[in-house]
Amino acid sequence: LAHCVCHSCFKRQEKLQRCGQCKFAHYCDRTCQKDSWVNHKQECSAIKKLGKAPNDNIRLAARIMWRIEREGSGLTEGCLVAVDDLQNHVDDFDTEEKNGLMEDVQTFLDYWPSQSKQYSMQLISHILGVISCNGFTLSDQRGLQAVGVGIFPNLCLVNHNCWPNCTVIFNNGKIELRALGKINKGEEFTVSYVDFLNLSEERRKQLKKQYYFDCTCEHCTKGIKDDLLLATKDEEEKPAENVVKEVIQFSKDTLEKIDLARAEGSYHELVKIYHPNNAQLGMAIMRAGVTQWHAEFIEVGHGMICKAFAILLITHGPTHPITKDLEAMRAQTEMELRMFKENEFVYYKMREAALSNKPFQVMQEPSKEAVPNVFNKKP
């Protein structure tokens, strides 16, 4: 993806300008390249010397080290915790993870320029460990595809809850912690480290493996909403939760159906499971609304797009590119719905012309009256 996403603003572009030195970084224009030069300057020569770009974790570790070299390892303005003080959980790594860490350390040493300040193996391992368990996946501007990884120290202070009161959004190169609803004074900010659309036991296993802690939130300890994830219907349309649990503890078929529901935009089942202001739910409703709109179910599509807009306005905020696109889509569907209700014939003619990229001409609407017989019948 390095060639189709700007390394400064993370916009996806068909034509990007490539860095003339390292041949790896790509930018929208000279402005983006200039904005990114402070972080890319030393990286550029290191990639050129190595002959290729190492993986994201190593490149991020090097950027952190270069920043420490420039600014020191103490707290910078607005930062509540230093990278040095973040947990790395290296001691909790299993044998395979420790071997992988050693390989990354060696690659880092090959990548790190000899003229830069040299750091201890312990610090390098610490930084790579921090990235492994605290790295935040960066998505492109539309939030559709992962394009990199970042470390945001302040965000690392926010604990996990499977039913959180906040969400994290990457917007225009900055991380945003957004409230999903009213948060009372003294209430802890929480985010979800994993997708809630998994059974409580599966979530706990994932959290233990990736973040090295046991989740004790209410939804995990009580298995809240697990019945909805396991439930199916028998021939008489009665819940068969117990049957599913007896057949297999965690129903693979059910999880496959959930994936299918996501792909088809069938958000009705997701509404029962997700937090009402969940970002993934908002995206699912948006996709469902667009599908209905394209299928010419104008009123249903417009309703879904309005629901999605209300959710993403909270989770993403009014300035996020996705929210802006959805707002324009909402205005478009509202206009089309009004036109559809006023004159269905004209609406379909206009839509047909737009889809075929032809000029639209208003023609007389066909009359419902019988056409008079203007010809005389032969005797």
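Laboratory data are not the source of any read-out in this text; all were calculated from the coordinates shown. None of these values were measured; they are calculated from a predicted model. Every residue, glycine as well, gets a Cβ built from its backbone with ideal geometry; the counts of neighbours run over all protein chains shown.
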Taking other Cβ within 10 Å of each residue's Cβ, how do Ile131, Ile169 sort, fewest first?
-> Ile169, Ile131
Give, in nm to one decimal, the length gained when the segment between Glu334 and Asp91 is fully stretched (0.36 nm per residue of separation minus the Cα-Cα distance).
-> 81.8 nm
In the neighborhood of Cys162, defined by Cβ-to-Cβ distances under 15 Å, what is the net charge if each Lys or Arg adds +1 and each Asp or Glu adds -1?
-> -1
Rounded to the nearest 0.05, FRET efficiency between Lys23 and Lys185 (Cβ-Cβ, R0 41 Å) equals 0.20
Write out the GluC sites (Glu not before Pro) in the range 75-160 meeting two conditions: DSSP loop, and at most 12 other Cβ atoms within 10 Å of their Cβ.
-> Glu77
Do any GluC sites (Glu not before Pro) in the range 188-222 lie in a DSSP loop with no more than 14 other beta carbon atoms within 10 Å, and if so, which?
-> Glu188
Looking at the range 3-40, which trypsin sites (Lys or Arg not before Pro) are DSSP coil and have at most 12 other C-beta atoms within 10 Å of their C-beta?
-> Lys15
In which sequence would Asp226, Asp92 go, from the one with the fewest C-beta neighbours within 10 Å to the one with the most?
-> Asp92, Asp226
Based on alpha-carbon positions alone, could you give the equivalent ellipsoid semi-axes of the range 1-81 from the gyration tensor, as √(5λ), descending, whole Å?
-> 24, 16, 11
A correct Karplus calculation of ³J(HN,Hα) over the range 338-348, with 6.51 cos²θ - 1.76 cosθ + 1.60, θ = phi - 60°, whole Hz and x for Gly and Pro, returns 5, 5, 4, 6, 6, 7, 5, 4, 5, 4, 5
Beyond 27 Å between alpha-carbons counts as too far, so tell me which of Lys185/Lys209; Lys182/Lys324; Lys23/Lys174; Lys15/Lys324 fall in that bin.
-> Lys185/Lys209
